[in-house]
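Participant: Before I ask anything, let me first share the structure, which is written out below as structure tokens.
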Amino acid sequence: MNAYRYPIRPHRRKHGPRGYRDAADFQPWLRDEFLFRCVYCLEREQWVNRIGHFHGDHFRPAADHPELVLDYDNMLYVCQACNLRKGRQSVAEPLKHLLSKDIVVRRDGSIRGRTKAAKAIIDLLKLDGPQYRKRRRLMREVIAMAAKHNPKLYRELMSFPDDLPDLEVLKPPVGNSRPNGVKKSCFALRVQQKLPAMY
Ligand SMILES: [Zn+2]
């Protein structure tokens, strides 16, 4: 299992909550939508204190597109570092261009894009910079060591968080444009014992 494997296919949104007045209310939906990890660098909630560490990022910057500030389809789940790095800049769509076939993550923690768009995202967010490299290398080594010597820790590092959001009980003020997604949420899958132990 490789924690730094980017998604195989472009992401198709499964949720569509509408009508929240506060961007923070989208957070539980975004956590589930993007598997509790940063869409840019794949940092996972399980590896950090997630409070304050993850944000709903406006893909099209709020300052330039105020009409999209409360539009779920313009939001991504990102870590603090990537959120700061991206800021107001425009970037190619990570959901289309950060795919496993387009990205090489090496053992030393370095990362390289195989396509122009993937390279542009890596450059813009400095995902190959020393801090990100070090973080990837450290996490890879910790995970590999846990896999070998500490199965309990390994499961914890590679599992979904315990506090999965129960999206069924959330009622977005103007409904949900993709209501079927709730049944495929990680919480619902865990209840049905269909959620994998690790990912
Ligand atoms: Zn990140």
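Participant: I'd like the residue in the range 27-51 that is within 13 Å of the ligand (Cβ to nearest atom) and not in a loop (DSSP other than H, G, I, E, B) and, out of all such residues, is surrounded by the most Cβ atoms within 10 Å (Cβ to Cβ).
Facilitator: Per the stated criteria, the residue is Arg44.
Participant: Among the residues of the range 150-162, are any exposed (fewer than 15 other Cβ atoms within 10 Å of the Cβ), at negative phi, among the acidic types (Asp, Glu) and more than 18 Å from the chain's Cα centre (by Cα)?
Facilitator: no
Participant: Just to verify a result, which residue in the range 52-63, among those that are part of a loop (DSSP other than H, G, I, E, B) and out of contact with any Lys or Arg (no Cβ under 7 Å at 6 or more places or on another chain), is surrounded by the most Cβ atoms within 10 Å (Cβ to Cβ)? Let's see the steps before the verdict.
Facilitator: Step one: filter the range 52-63 for residues part of a loop (DSSP other than H, G, I, E, B), giving 52-53, 59-63.
Retained after the next criterion (residues that are out of contact with any Lys or Arg (no Cβ under 7 Å at 6 or more places or on another chain)): 52-53, 59-60, 62.
Details: Gly52: 8, His53: 15, Phe59: 19, Arg60: 16, Ala62: 15.
Checking each candidate, the answer is Phe59.
Participant: If you take the residues of the range 55-85 that are more than 23 Å from Gly16 (Cβ to Cβ) and within 14 Å of the ligand (Cβ to nearest atom), which of them is nearest to the chain's Cα centre (by Cα)?
Facilitator: It comes out as Cys79.
Participant: Could I ask something else about it? Suppose we filter Arg112, Arg88 for residues that are open to solvent by 50 Å² or more (accessible area, probe 1.4 Å), at pLDDT below 95 and either aromatic (Phe, Trp, Tyr) or more than 16 Å from the ligand (Cβ to nearest atom) (or both); which single one remains?
Facilitator: Answer to the check: Arg88.
Participant: Only residues that are more than 27 Å from Asp123 (Cα to Cα) and touching a strand residue (DSSP E or B) at 6+ places or on another chain (Cβ under 9 Å): list them for the range 1-26, please.
Facilitator: His15, Gly16, Pro17, Arg18, Ala23, Ala24, Asp25, Phe26
The values are calculated or read from the model by the stated rules, or taken from the named source; none is laboratory data. Note that this is a predicted model, so its numbers are computed, not measured. Please note: Cβ atoms are built from the backbone with ideal geometry, for glycine as well, and neighbour counts cover all protein chains shown. Note: areas computed on protein heavy atoms with side chains; ligands, DNA, RNA excluded. Shrake-Rupley method; radii C 1.70, N 1.55, O 1.52, S 1.80 Å.
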